[in-house]
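One structure is given here, and the rest of the page talks about it.
The values are calculated or read from the model by the stated rules, or taken from the named source; none is laboratory data. Note that the coordinates shown come from a computational prediction; the quantities given were computed from them, not determined experimentally. Reconstructed Cβ throughout: ideal geometry from the backbone, glycine too, with neighbour counts over all protein chains shown. For accessibility, only protein heavy atoms count, side chains too; no ligands or nucleic acids. Shrake-Rupley method; radii C 1.70, N 1.55, O 1.52, S 1.80 Å.
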Amino acid sequence: MENGKCQEDTPKELSAVPPLIKYISSVQVAGFDSIEECNEEIEPPNNPSTLRIQGNVSSSGVQSDAEFQLGNHQRKNTVSLSMPPSPVGVQLSPKTVFSTGERIPNNGTSGLAALEKPQKATLFHSQPIPMGSTFEDAVRNIKAAPHPSISRLKDRRYDSFKTCSGKLARQLTILRGKSQQQIRPDETEAQEAVIENNIPAERYFAALEGPELETLRPSEEILLPDDKTWPFLLRFPISSFGMCLGVSSQAIMWKTLASSVSTKFLHLSLKINFVLWIISIALVITVASTYLLKVLLYFEAVRREYYHPIRVNFFFAPWIALLFLAIGVPPSVASKLHPALWYVLMTPFLCLELKIYGQWMSGGQRRLSKVANPTNHLSIVGNFVGALLGASMGLKEGPIFFFAIGMAHYLVLFVTLYQRLPTNATLPKELHPVFFLFIAAPSVASMALANIQGSFDNASRMIYFVAMFLYFSLVVRVNFFRGFQFSLAWWAYTFPMTGAAIATIRYSTEVTNIVTQVLAVLLSVIATVIVGSLFVTTIIHAFVYHDLFPNDIAIAISDRKPKPPQKNWFQNLRNGNSESQNIENFLKFSGPDSKDLEACIGPKTSEGEDGIVPSSSDQPR
């Protein structure tokens with residue numbers, strides 16, 4: 001272009017190549033990289049080498065400082081990429097010019113004639129970059145696989161178990177501009193999930209199976225995904241406090257061994273008691289802090305554990321562990337504890353017992369004859385441990401009160417479990433370790449009564465002998481405790497063995513002879529080996545197998561019974577219903593002289609009763 005007229009470039013114009021050492025400014029050549037406004041239409045050049053790429057490419061050239069000295073020149077929001085006008089121009093380094101739309105003031109230093117008068121608005125070949133896509137849209141459209149832990153935190157299916165429901169989070173999401181169509185399917189499932197706060201006990205028995213009601217029945221469904229690993233807090237059960245019971249009871253046993261007169265020949269130091277006591281404190285703080293986070297973040301999961309027929313007994317475990325720490329405190333730390341500590345520690349026991357014992361007595365779905373299981377001893381043994389601590393502090397009425405309550409309910413529970421009144425069925429092999437809970441209550445009760453009376457009298461010895469008989473009746477059955485898998489709840493079954501060892505040491509102090517001394521040492525060694533073995537097994541499952549805390553299926557059961565499969569009406573007509581089959585069997589095997597009633601017995605119903613269809617021939621004539 002020259003003299004304001006639109007002209008086509010010719011090969012002759014491109015043949016003259018400027019020297020490389022000369023800087024040519026775009027404003028020194030009229031029409032460089034721009035087209036002045038004119039009414040003539042631009043025809044594309046015939047030579048392909050002279051075509052200009054529109055949209056993102058413009059002519060090349062090395063710009064001088066005069067380009068930045070334009071007066072009253074307004075630039076557009078464009079991005080120009082300089083391209084060489086000829087293949088020879090490739091030798092020149094290309095330069096990208098970015099214009100920001102700012103007005104560049106004229107400082108009067110330019111002597112070029114082209115800068116004496118303001119230039120008209122020019123039309124650039126390059127087009128601005130579209131501003132439609134934003135950074136947030138680009139990040140939202142990224143389909144990279146996130147980290148599994150981040151995915152679990154963003155999974156909305158866990159919102160129904162959180163303390164703060166996901167409704168507030170969804171409202172904030174909508175306020176940020178996220179439409180309803182962008183909500184994921186798992187978020188929709190979380191919105192539609194309805195959580196029943198008070199699940200009846202019979203629902204747990206109907207939906208779960210196993211020694212601790214932790215396995216889902218095949219016909220049931222859960223509210224949480226069963227193909228993914230849940231967040232850690234949802235997998236952290238209340239039964240984890242059993243570890244605190246096992247270690248803290250060991251601190252008491254080693255304190256008794258070091259300070260008892262009958263075991264002075266062992267020459268044990270109280271340093272072992274001090275180390276175990278420190279470990280117990282650290283373990284209690286760790287487990288309690290973790291479970292407190294679960295209470296704060298996933299309160300619905302804690303509520304479901306409380307309504308679980310077996311898990312509810314483990315809510316006594318944290319307070320029993322604190323009582324063990326108070327009893328096993330080293331003499332170097334405190335020689336005497338303030339009595340106010342006893343009232344503080346026993347208040348939670350009183351509140352829990354008023355709730356649970358009231359359910360046992362008043363009947364309903366949680367009456368003792370329906371929910372009785374060996375773990376109920378955890379709710380009983382706390383009374384005797386509290387009485388033991390209170391009597392050692394010099395208290396009188398309070399320890400007697402809790403001792404009487406514990407003894408009354410222990411006798412009822414002992415008879416109920418001894419006769420298998422709830423189910424009249426044999427306990428599975430995996431539940432055999434819970435039989436040691438039968439030893440916990442009488443062992444601790446004998447020592448508590450001895451502290452209340454001031455001596456290990458006849459009543460204390462009778463209770464102690466009951467504990468020893470139950471202990472040896474279980475120990476001699478070696479095959480009774482083989483062939484079952486590890487469970488974290490086993491820690492709650494270790495402190496009864498330690499309690500039996502402590503009671504034996506106390507008895508050997510009153511009746512000192514070689515038999516009682518050997519028995520005290522033997523039971524102490526067995527308790528220590530059991531606790532040490534469980535400790536090593538727990539470490540292996542936690543850091544090697546990584547299965548110490550699996551998904552807690554027991555808290556994720558649905559509050560609704562599964563719908564029975566609907567049978568096809570054609571199949572019903574073909575095979576007939578159960579009532580018609582029972583009638584046919586009865587008529588087939590019945591006669592005028594004899595009746596075979598067992599042949600007409602139908603299949604068992606869901607309640608466990610046999611379905612027998614009466615016939616008119618059974619009526620008395």
Could you order 401, 316 by accessible surface area, starting with the largest, using a probe radius of 1.4 Å?
401, 316
In nm, give the distance between the simple-model label positions of residue 355 and residue 537, each being 7 Å from the Cα along the Cα-to-Cβ direction.
3.1
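Could you sort the peptides 246-254, 551-559, 306-314, 487-495 by per-residue average Cβ neighbour count (10 Å cutoff), highest mean leading?
246-254, 487-495, 306-314, 551-559
What pairs from 255/294; 228/294; 255/336; 162/228; 264/336 go past 25 Å between their alpha carbons?
255/294
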Using heavy-atom solvent-accessible surface (probe 1.4 Å) with all chains present, what is the largest-first order of 460, 160?
160, 460
Per-residue SASA entry for residue 543, accessible area with 1.4 Å probe, Å² rounded to 10
140
How high is the relative contact order of the range 232-555, given as a whole-number percent (alpha carbon pairs under 8 Å, six or more residues apart)?
23
FRET efficiency, 1/(1 + (r/R0)^6) with R0 22 Å, evaluated for residue 400 and residue 462 via beta carbons:
0.80
Taking a label point 7 Å from the Cα of residue 337 along the Cα→Cβ vector, which residues of the range 499-530 have an amide N closer than 17 Å to it?
499
Using R₀ = 30 Å, calculate the FRET efficiency as 1/(1 + (r/R₀)^6) where r is the Cβ-Cβ separation of residue 206 and residue 473; round to 0.05.
0.35
